[in-house]
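Right, one structure below, let's go through it.
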Amino acid sequence: MKRFFDTLRNIWTIEELRQRILVTLGLILIYRLGSYVVLPGVNVDALAAAGNANQTGGIVGLINMFAGGAFLRASIFGLGIMPYITASIIIQLMGMAVPYFQKMQREGESGRKKINQYTRFLTIAVTAVQAPGYIASIKSSAPNAFPDMTSFWWIQSIFILVTGTMFVMWLGERITDKGLGNGISLIIMIGIISRLPFAFLSEVKSRTAGNGGLIIFLIEIVILLLVIVGSILLVQGTRRIPVQFAKKIVGNKQYGGVRQYIPLKVNAAGVMPIIFAQAIMFIPYAINSAMGNAGGVFQERYGFWYNFIFAVMIILFTYFYTAIMVNPNQLADDMKRNGGFIPGVKPGKKTAEFIDQVMSRITLPGSIFLAAVAVMPAFAQKLGINSAFADFYGGTSLLILVGVVLDTLQQIETYLLNRHYDGLMKSGRIKGRGANAMMVQQG
């Protein structure tokens, strides 16, 4: 316990880290307060009376969890950050197929700024398309919540929802620049955490009321802890490829001659494949809602076909995102330029082929395990666990929590170690998804 308080004191001692933490907390507070601001002209009492009980178990319930409850509150932040995620997916797909975007990706910082600008414009368009479907879904569950749906009200509400999404995106970017961790991921994580206490209490009440008793609840907690450990192993797992550097003697000093490692992650894509797949699957639901139709297979979040399609999309997106994140040709060229080579493999093209082969082998089990964790809440719900609490048995929520927490803790630990303080752990180092591309070990 003394070490814990010493670590907190060391964190607070570093001025830059302290400021970043305060900025992050302040921006998150603004986001949470904004999620309770309701759209103009909405009958809050009628909305609360409806209870939305018939939607909490479907995909609307999942989106509502990502938005921290703002979705079913008809908030100005009701659509949250999901339109931005959808726009990012579209831009990345265009980067794979459209030469103009491929050229921008190779332009470095200036190209990245242009791509970010296109993503923002596309976010506005996606939000404008999703907003009518969002309003229609709320109206279907609470018909009396919108007493005066004039044309002006529709235009006003869509404009406010677009502005709210852009403001949330701006908050995320400010957290990334001025705060700690990835702002977009942190906003999603805060929305998920805000639902955890209610889900926990709901499950406790359900079990104590005679639905299995506290013994079953304790077993559920143990299983949840095991799932968390498995998720951490998935995020942290790496396959280290040894790289030998030739010795160089410059003057009286020797350079190189050491063995380093390329840590290829089992899940190099992190949680992004799940977020991408979820955002894509929300589009058919939004279109059906806007047309006044039922969500069909995309509404049954715990159904077989929904989870089957979801798992297949996660596997495909894992390969897609890994191909973007890890470039074997670039790694091979960098090693050759620096006089490095993989023992037993020729430098250049053969090295690139070897890295690509290893990545293909470790990505397959990694993607399957990621998909299995993602659909685990469906199994938990089928076994009688409350749907709100079942969402934390794997799935998007748990993987986002694990990944974002590890990334944020890794950034804090970096500040501590740079100031010659002890890290957050008594032994070892925290390895987030943003680990360096090359881990050095003297040989």
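Odds and ends about this structure:
- Filter result for the condition that a residue is out of contact with any Pro (no Cβ under 8 Å at 6 or more places or on another chain), within 21 Å of Ala279 (Cβ to Cβ) and modelled with pLDDT under 85, over Leu122, Leu93: Leu93
- If only residues of segment 234-252 that are modelled with pLDDT under 65 and either among the charged types (D, E, K, R) or not in a strand (DSSP E or B) (or both) are counted, the one that is surrounded by the most Cβ atoms within 10 Å (Cβ to Cβ) is Lys248.
- Count - residues of segment 207-233 that are crowded, with 17+ Cβ neighbours inside 10 Å and modelled with pLDDT under 80: 1
- A single member of Gln92, Gln102 is assigned to a helix (DSSP H, G or I), more than 30 Å from Trp154 (Cβ to Cβ), out of contact with any Asp or Glu (no Cβ under 9 Å at 6 or more places or on another chain) and touching a residue at least 60 places away in the same chain (Cβ under 8 Å), and it is Gln92.
- The one condition in (1) out of contact with any Lys or Arg (no Cβ under 8 Å at 6 or more places or on another chain); (2) crowded, with 17+ Cβ neighbours inside 10 Å; (3) more than 30 Å from Thr322 (Cβ to Cβ) that Gln92 fails to fulfil: (3)
- Cβ pairs under 9 Å, 6+ apart, first in segment 137-158 and of a type in the set (D, E, K, R) and surrounded by 15 or more Cβ atoms within 10 Å (Cβ to Cβ), second modelled with pLDDT of 80 or more and not in a helix (DSSP H, G or I): none
- Sub-7 Å Cβ pairs linking a first residue in segment 402-420 that is under 14 Å from Ile21 (Cβ atoms) to a second residue that is at pLDDT 80 or above and in a helix (DSSP H, G or I), at least 6 apart or interchain, are Ile412/Leu17; Tyr415/Leu17, ordered by first then second residue.
- Matching residues, segment 186-221, being part of a loop (DSSP other than H, G, I, E, B) and of a type in the set (Gly, Ala, Ser): Ala209, Gly210, Gly212
- Segment 173-185: number of residues that are part of a helix (DSSP H, G or I) and crowded, with 22+ Cβ neighbours inside 10 Å: 3
- For segment 397-425, filtered to residues that are more than 29 Å from Ile241 (Cβ to Cβ) and modelled with pLDDT under 70, the residue that is surrounded by the most Cβ atoms within 10 Å (Cβ to Cβ) is Tyr421.
The values are calculated or read from the model by the stated rules, or taken from the named source; none is laboratory data. Given the structure is predicted, the values throughout are model-derived calculations rather than measurements. Here Cβ is always computed from backbone atoms with ideal geometry, including for glycine, and neighbour counts include all displayed protein chains.
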